[in-house]
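Student: I'd like to ask you about the structure that follows.
Each value in this text was obtained by applying a stated rule to the coordinates, not by laboratory testing. These numbers come from a predicted model, not from an experiment. Counting neighbours? That spans all protein chains shown, and the Cβs are built from the backbone with ideal geometry, glycine included.
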Amino acid sequence: MPSVTLRVNGRAQALDVDDPQMPLLYALRDQMELHGPKFGCGLGQCGACTVIVDGVAVRSCQTPVSGLAGKDIQTLEGLGSPGAPHKVQAAFIEEQAAQCGYCTNGMIMTAAALLAKNPHPSEAEVRTVLAGNLCRCGTHVRILRAVMRAANA
Amino acid sequence: MNQIVFERRQFLKAGGALVVGFAMSPSLALSAAQTYPLRDVAAENVDSFLAIAQNGDVTLYCGKVDIGTGARAAYRQIVAEELDVDVGRIAMIEGDTALCPDQGGTGGSTGIVQGGMQIRQAAATARQTLAAMAAKTLNAMPADLTVTGGVVRAKDGRTVSYADLVGGKRLEVKLDRAAKPKDPDSYKVVNQPVKRPDLPAKMTGRHTYVHDFRVPKMLHARVVRPYAIGASVASLDESSIANIPGARVVRIKDFVAVVAEREWNAVRAAKALRVTWTGGGGLPGSERVYDAMRATEIARDESLVKNGDSEAALRAQSARRFQASYQWPAQSHASMGPSCAVADYRPDGLTVWSSSQGTHGLRRNLARDLGIPVETVRVVYMDGSGSYGTNGSDDVAADAVLISRAVDRPVRVQWMREDEHGFDPKGPPQLLDLSAALDAQGNIAAWETAAYLPENTPNLRSRPMLAFLAAGIPQPTGQSVAQVQGNAYPSYELPNMTATVHWLKTTPLRPSNLRAPGKPGNTFAVESFIDELAVAAGRDPLEFRLAHLKDALGTSLLKRVAERMDWKPRPTPNRERGDAVMTGRGISYLWYKHMDNRMAMGIEVTVERATGKVRVTRVVAAVECGQMINPDAVRNQVEGNIVQTVSRTLHEEVVFDQSGVTSVDWRSYPILTFPEAPVLEIDLVGSPRDKPLGAGEAASAPVPAAIANAVFDATGVRIRRVPLTPARVLAALQGGRADIGIRGERGV
């Protein structure tokens, strides 16, 4: 059985993989028990599965597991914890910027990647960057406020 | 049997991450040959709702569930307030049929109004009982006792704690309707924006949604469904998945699924499996659905209101008569996370982990349809993706149960995106014919509504499950759509008003309750037509509404919105609307279900002349909320309902052909995106002295008409069919039909 080594949240882990085309999402959720990234569409349309790979927010449902050797993968769990949340996570909690919270992984990871490159974006820039992240509960306004809070933190 | 004590700080090792154990106890759930419930869950007993542990921690066993509404915080606040216990010392278990009383399904924004008030009464009774016990222990009068942090104090300073009085034991009292809840003037915890307990874990990836839940020896499964709804299997080639490790087929008549040890293998096996289907379909197609509705057999007519004599008033010599039809499409719950469930079917019992909004109902239905004793069935609620009514959650539970029974292992099923968009039960299409007459003064002299809406099959106990339909398992047949007739006539005191529903025997796609069932569509029609009448009368839409409204609170809400919008009376359409990008404003008003919340809404839009693209830039709302347990949670729900309904109005229509649904992804069924999110200015009106009103869904109802009215103001074009897609608006702007259809992604 072929094996791939993934470096996730600072730890390298070897996984046996039946199919090199398996999306990263399934390695994370099913084999590594990291549930921050969520399955939303499997089509790269909603952003619920977003992780950060070498500083870039990517859709783990569209990223084959075989092309990730030597790359740094970060998930929502690696970004921060309830005791020590990343500033974006802290801002989402402070603003109560969730309803069901299922899609929030995507907004937090996308915003964290944005702020790492552009620490003080305008709200218009944040809206544009989040254009590919869908929210069904209608929490958009709070999410925008949370990202702006993190940007100004 | 004694209650099972769940320690608040008990952490369970689950899914490789530490999570707070809200709703799980795998050791309990997996114990074989168990009968349920595991504790007293009789809704007349206080102990069914509340348990005080030996250390004084309180556990609330709640029959209602928090499917992303934040009600989880509010229920605790209610208990904390009545018991005078720190809100942080209240643990909560929701919707576990083995542990929690049956408080009915969660829906219709009734969680707090019904469930919360029942819990308040349970807590008030507990408080009364504890006070009597304390009075005896301290040899004092109950009226002279004070409670802080679960410690009862007499005037002379002597104390006894709840833990001392009853810790670990039952109170053994029935819910007392006469037990007096706290005076709202003394509230310390209720009416505060207490933060939700689940967000730190959810925002850091530590929360276990049902999608994240795993049990030992569990298999992953996917259901393979035909494109044509109701089709049968003609042939199935198991060798088509032979090369996928561990994958195998489960087939029960026309129910086809694949299982595998690994999730991805189940996903690709479902894709690779060669199945030939035959038959099915027979749908009118979304393009012809409104014609089909007019041709559908009518089960019965129901009169919703009959004031005066609308027929005579419409015929009156002096009357100017108007007529218009409005169309509201089938819409999907379109949950972000496709529905998911885990089931463990054993010869001696069944456990299901589900995000169903009605776990007790699901339990009864599963037992009935599978022919197993209900005492051997346990449904454990776990958080899911927001569902806004009955999405695929119950169906996927039935999928998992059938597959688990077939493979004799616990099974997890998660639907794929096309399953959720294609097969979740839909909010049904609605058609309303409206007629009215204006008198010589330009006031409404007569109003008639004729609504075409799918009926609720009489005495139907449950929605038919997809899996049981396909597998040929007998179940009650019919359809269930909830109270879709609400607000099918105006919320003004009109002299001659008739509203009739023609209840349709069938609707093309399996229906269910979708957020504020029927009310956004009905109010779209009614409040758009009110605007049309105002225009015909040459009157300002706000002034026209105020002239017909006698309700004092309603009037004040409309005026509050107008003030915020700096509303200056002028004719509509807007003469200074601009050219390439036209701007307009619209308002709407309603009294939700003619008995709950009154609310007024004003919306500003821009419309691009070249593309027909409508953007909602600003929403101003004044919403009657009554007592708010958690004002921030109420605000979050009101905001969410408004934004979601902006999405439904501008973008959403389930597209289907003669065979099945073709809008099966986010491209063909788009929803509102971040660049489109409007500015929200919301006034929540209510006092702790009022009774609570449903927090969320009412706020969705006025949105569509306010948008359509604003689009008319911006363009001079009246759109009577939702959604207001760019193509539809552009065609209308160019003088063409405003009811052109939308293309789906999947087709034959």
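Student: Let a ≥ b ≥ c be the square roots of the eigenvalues of the Cα gyration tensor of chain B; is it rounded (a/c under 1.5), or, if not, prolate (a/b larger than b/c) or oblate? Before the final figure, lay out each step's value.
Tutor: Working: a/c = 2.05, a/b = 1.19, b/c = 1.71.
In terms of gyration-tensor shape, oblate.
Student: Still on this structure, please answer the following. Output the relative contact order of chain B, whole-number percent, from Cα pairs under 8 angstrom with separation of 6+ residues. Don't skip to the end; give the middle numbers.
Tutor: Details: 1799 pairs, mean separation 102.4, N = 748.
Value for chain B: 14 percent.
Student: Something else about it: What does the convex hull of the Cα atoms of the range B:68-154 come to per residue, in Å³, rounded to a whole number? Before the final figure, lay out the partial values.
Tutor: Details: hull volume 8.7 nm³, N = 87.
Per residue, the Cα convex hull of the range B:68-154 comes to 100 Å³.
Student: Mean residue ellipticity at 222 nm from the helices of the protein assembly as shown, using -39,500 (n - 2.57) per DSSP H segment of n ≥ 4 over the full residue count, to the nearest 500 deg cm²/dmol? List each step's numbers first, then the result.
Tutor: Numbers: 24 runs with 242 residues, N = 901.
After summing the helix terms and dividing by the residues of the protein assembly as shown, the value is -8000 deg cm²/dmol.
Student: Amide H of B:Gln331 versus every other amide H placed in the peptide plane: which residues, excluding those fewer than 5 positions away on the same chain, fall under 5 Å?
Tutor: Close amide H contacts, sequence-distant or interchain: B:Gly427, B:Val654.
Student: Per residue of the range A:137-152, what does 6.51 cos²θ - 1.76 cosθ + 1.60 with θ = phi - 60° give for ³J(HN,Hα)? Whole Hz please, x for Gly and Pro, Karplus curve as stated.
Tutor: Once θ is set to phi - 60°, the couplings for the range A:137-152 become 6, x, 8, 3, 5, 5, 5, 4, 5, 5, 5, 5, 4, 5, 5, 9 Hz.
Student: Return the subset of B:Lys253/B:Lys519; A:Lys87/B:Lys613; B:Lys136/B:Lys182; B:Lys169/B:Lys195 for which the Cα-Cα distance in this structure is over 32 Å, preserving the input order.
Tutor: B:Lys253/B:Lys519; A:Lys87/B:Lys613
Student: Using the Cα centre of the range B:654-711 as origin and beta-carbon charges of +1 (Lys, Arg) and -1 (Asp, Glu), tell me which of B:Ala710, B:Trp666, B:Gly694 is placed farthest towards the positive end of the dipole.
Tutor: It is B:Gly694.
Student: Right, something else. Would you please put B:650-662, B:279-291, B:148-160, B:609-621 in order of how densely packed they are, using the mean number of other Cβ atoms within 10 angstrom per residue and starting with the highest?
Tutor: Numbers: B:650-662: 23.3, B:279-291: 17.2, B:148-160: 15.3, B:609-621: 19.8.
Answer by packing, highest mean first, reads B:650-662, B:609-621, B:279-291, B:148-160.
Student: While we're looking at this one, here's another question. Normalise the Cα radius of gyration of the range B:552-653 by 2.2 N^0.38 Å (N = residues in it) and let me know the number. Walk me through the numbers on the way to the answer.
Tutor: On the way: Rg = 15.4 Å, N = 102, 2.2 N^0.38 = 12.8 Å.
Rg over 2.2 N^0.38 Å, computed on Cα atoms: 1.21.
Student: When the Karplus curve 6.51 cos²θ - 1.76 cosθ + 1.60 is applied with θ = phi - 60°, which whole-Hz ³J(HN,Hα) does each residue of the range B:368-376 get, with x for Gly and Pro?
Tutor: 4, 6, 8, x, 10, x, 4, 5, 9
Student: So what is the relative contact order for the range B:556-630, in percent, with contacts set as C-alpha pairs under 8 Å and at least six apart?
Tutor: Details: 112 pairs, mean separation 22.7, N = 75.
Reported as a whole number, the value is 30 percent.
Student: Using packing as a proxy for protection, rank A:120-128, A:44-52, B:331-339, A:28-36 so that the peptide with the highest average count of other Cβ atoms within 10 Å comes first. Before the final figure, lay out the partial values.
Tutor: Details: A:120-128: 14.7, A:44-52: 25.1, B:331-339: 27.6, A:28-36: 22.6.
With the highest mean Cβ count within 10 Å placed first, the list reads B:331-339, A:44-52, A:28-36, A:120-128.
Student: Enumerate the lysines that B:Lys568 could reach by cross-link, defined here as Cα to Cα under 18 Å, with residues fewer than 8 away along the same chain left out.
Tutor: Cross-link targets: B:Lys559.
Student: Quick one: Karplus J couplings for the range B:676-690, per residue in order, coefficients 6.51, -1.76, 1.60, θ = phi - 60°, nearest Hz, x for Gly and Pro?
Tutor: Rounded to whole hertz, the list is 8, 5, x, 6, 10, 10, 10, 9, 9, 10, x, 9, x, 7, 7.
Student: For the range B:591-714, take N as its residue count and report Rg(C-alpha) divided by 2.2 N^0.38 Å.
Tutor: Compactness ratio reported: 1.19.
Student: Shifting gears a bit: With +1 assigned to the C-beta of every Lys and Arg and -1 to the C-beta of every Asp and Glu, and no other charges, what is the dipole magnitude of the range A:47-109 about the Cα centre in debye, to the nearest 20?
Tutor: On the way: 3 positive and 5 negative charges, 30 e Å.
Result for the range A:47-109 is approximately 140 debye, rounded to the nearest 20.
Student: Now, a different point. Can you pull out the trypsin sites (Lys or Arg not before Pro) in the range B:547-582 whose DSSP state is coil and whose Cβ has at most 14 other Cβ atoms within 10 Å? Don't skip to the end; give the middle numbers.
Tutor: Working: sites: B:Lys550, B:Lys559, B:Arg560, B:Arg564, B:Arg575, B:Arg577; in loops: B:Lys550, B:Arg575, B:Arg577.
In loop regions of the range B:547-582 (DSSP not H, G, I, E or B), the sparsely surrounded trypsin sites (Lys or Arg not before Pro) are B:Lys550, B:Arg575.
Student: Here's a follow-up. State log₁₀ I(q)/I(0) for the protein assembly as shown at q = 0.09, 0.10 Å⁻¹ as given by the Debye formula over alpha-carbon point scatterers of equal weight, solvent excluded.
Tutor: -0.95, -1.17
Student: Considering only C-alpha atoms, what is the centroid distance from the range A:52-123 to the range B:131-200, in Å?
Tutor: Each part's Cα centre sits 43 Å from the other's.
Student: Oh, and also: If the cut-off is 14 Å between C-alpha atoms, which aspartates and glutamates fall inside it for B:Lys188, apart from same-chain ones fewer than 8 positions away?
Tutor: Within the straight-line limit of under 14 Å, B:Lys188 reaches these aspartates and glutamates: B:Glu81, B:Glu82, B:Asp84, B:Asp86.
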